[in-house]
Amino acid sequence: MSIHKIQTPLKDSELQKLKIGDSVLLSGTIYTARDSAHQRLIQMLKAKETLPFDLKDQVLFYAGPAPAPPGKPVGSIGPTTACRMDSYTLPLLDIGLKGMIGKGARNQTVRMAMQKHSAVYFAAIGGIAALLARCIKSSKIIAFEDLGPEAIRQLEVVNLPVIVVNDVLGGDLYEEGVFKFKKN
Amino acid sequence: MREIKTDQIVQTVRSLCIEANIHLRQDVIDRIQSCRDQETSTIGRQVLGQILENADVARTSAMPICQDTGATVVLLKVGQDVHITGGSLSEAIHEGVRQGYEEGFLRKSIVQDPFRRTNTGDNTPAFIHTEIVPGDQLKITIIPKGGGSENMSEARMLTPSQGLEGVKQFVINRVRISGGNPCPPVIVGVGIGGTLEVCTFLAKKAIIRPIGQRHPDSFYAELETSLLNEINQLGIGPQAFGGRCTALEVFVEVRPCHIASLPVAVNMQCHAARHGEAVL
Ligand code: SF4
């Protein structure tokens with residue numbers, strides 16, 4: 001299990017090196033999007049409208065942060081359950097989305113589509129949101145402000161710690177991890 | 001009759017919301033520490049270490065432990081000799097939540113309607129459960145309940161013939177299929193008996209029992225221990241990356257039930273197991 005430092009936008013050559021269980025320290029621009037934001041992005045795609053940001057080679061963080069206290073760019077922030085975004089994910093992979101950060105397993109359809117598009121799913125640790133907030137250097141709402149915590153935020157992150165769950169080879173850390181430690 | 005003013009209730013709820021979201025309770029911290037010491041998975045030990053570090057950072061920087069500061073579940077035990085003055089009791093609770101979530105920079109996670117999902121903007125309404133008890137005190141318990149773990153919860157009406165084995169299988173299976181979604185290590189609250197709504201509420205009350213405290217009936221104490229052991233052999237581990245520590249605790253609460261029924265409910269609670277209580 002190695003540690004990689006990766007800068008966004010993601011590059012295929014770097015994603016090829018990632019194996020399940022590897023630690024990644026992610027830096028650069030990433031975007032938050034949860035259920036309602038996904039729903040709107042998909043509606044916009046269907047209506048052939050231009051999305052509020054270009055998803056090509058980008059990373060979506062399934063997260064809705066707590067409000068920023070004075071002097072901080074953002075409040076506590078961490079991953080939400082990724083499977084709720086499964087039904088929205090394929091069209092986003094089709095337009096170039098390369099990385100997703102969440103928690104919990106993806107369904108078979110998304111896993112196959114990720115492999116096809118050489119995209120990677122990372123887990124961030126859920127429930128360590130005060131710690132993760134330290135990696136966020138700036139935060140700006142770029143779409144759907146009316147959604148409150150569900151608005152899309154553009155974040156600048158430095159060394160955000162995530163773990164590779166689904167690599168480009170189709171591996172799945174949740175399956176292999178449980179298999180290794182199961183007692184009966 | 002003892003008078004309690006709604007102002008005091010607002011203030012208490014306000015501070016409990018902030019406190020509970022920022023301070024991870026010591027019994028939870030202690031159990032996570034001992035689980036880390038016993039964890040055989042390297043990545044699992046790292047995860048547990050980071051959870052402990054996060055609890056520290058949250059406390060010292062007054063930031064919420066988790067960004068999901070929950071739906072605010074409120075348990076009230078109202079002494080029958082208490083007289084609430086100065087306005088409505090439930091409005092005082094909602095106002096306390098409103099103030100606490102605003103002033104504590106907590107996330108507002110409630111939508112007004114299940115389908116037309118507009119955020120209410122202040123985390124109200126709180127979900128209030130009231131019990132009338134003897135005495136002249138008012139006990140307020142605040143449970144900021146995260147969505148990720150709540151979504152992995154389930155109630156099922158089993159038949160009496162499915163018995164203890166049926167209940168155990170239901171509980172263990174619930175944890176297994178939840179995988180990483182409820183942010184393991186989890187606390188598993190199990191409600192058995194009563195009616196559909198009673199067993200579900202028992203499961204909710206089970207998650208706030210102090211860690212390490214066993215059921216007073218040795219039959220159920222043994223059930224808790226054996227469920228905990230079996231769950232921790234599933235291999236799920238911290239954050240489901242594989243490991244030994246899947247659950248920190250299993251708590252079982254029971255009630256009498258109908259001759260035809262064996263209701264059971266599981267309420268999943270994440271390691272960010274938050275609650276706060278005060279007695280007025
Ligand atoms: S399940 Fe708990 S720890 Fe995980 S994100 Fe939700 S509230 Fe936070």
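The values are calculated or read from the model by the stated rules, or taken from the named source; none is laboratory data. These figures come from a predicted structure and were not determined experimentally. Heads up, the Cβs are rebuilt from the backbone with ideal geometry, glycines too, and the neighbour counts pull from every protein chain shown. Each accessible area value is taken on the protein alone, full model and side chains, heavy atoms only, with ligands, DNA and RNA left out. Shrake-Rupley method; radii C 1.70, N 1.55, O 1.52, S 1.80 Å.
A 1.4 Å probe run over the protein chains yields, for chain A, 41 Å² of accessible area per residue, whole-number rounding.
Cβ distances below 4.7 Å define possible disulfide partners, and in the protein assembly as shown the cysteines left without one are A:C83, A:C135, B:C17, B:C66, B:C199, B:C257. Counted as membrane-span-like here are DSSP H helices of chain B whose alpha-carbon atoms extend 15 Å or more along the helix's own axis and whose Kyte-Doolittle mean is 0.0 or above; these are B:6-22, B:163-178, B:196-206, B:218-231.
Residue pairs exceeding 25 angstrom between C-alpha atoms, taken from A:K98/A:K137; A:K5/A:K180; A:K19/A:K98: A:K5/A:K180. Averaging the sequence gap over all C-alpha pairs within less than 8 Å and six or more residues apart, then dividing by the number of residues, gives region B:148-272 a relative contact order of 45 percent.
Listed by chain and number, the aspartates and glutamates whose C-alpha is less than 18 Å from the C-alpha of A:K140, apart from same-chain residues fewer than 8 away, are A:D54, A:E150, A:E156.
Label reach from B:R2 (point 7 Å along Cα→C-beta): in region B:256-280, amide nitrogens under 16 Å belong to B:278-280.
Please list, in order, the residues from region A:129-151 whose amide nitrogen is less than 16 Å from a point placed 7 Å along the Cα→Cβ vector of A:V158. Residues A:132-139 fall inside that zone. Lysine pairs in chain B whose alpha-carbon atoms fall under 30 angstrom of each other, counting only those eight or more residues apart or on distinct chains, come to 22. The interface between chain B and chain A buries about 3200 Å² of solvent-accessible area in total (1.4 Å probe, ligands and nucleic acids excluded). In terms of Cα atoms, the Rg and Dmax of chain A work out to 15.7, 52 Å. If the Kirkwood radius is taken over C-alpha pairs of the protein assembly as shown, then at 20 °C and 1.002 mPa s the Stokes-Einstein diffusion coefficient equals 94 µm²/s. Determine which residues of region A:46-81 fall in the zone a paramagnetic label at A:T29 would reach in this model, i.e. backbone nitrogen under 11 Å from the point 7 Å along Cα→Cβ. Label zone hits: A:53-56, A:58-59.
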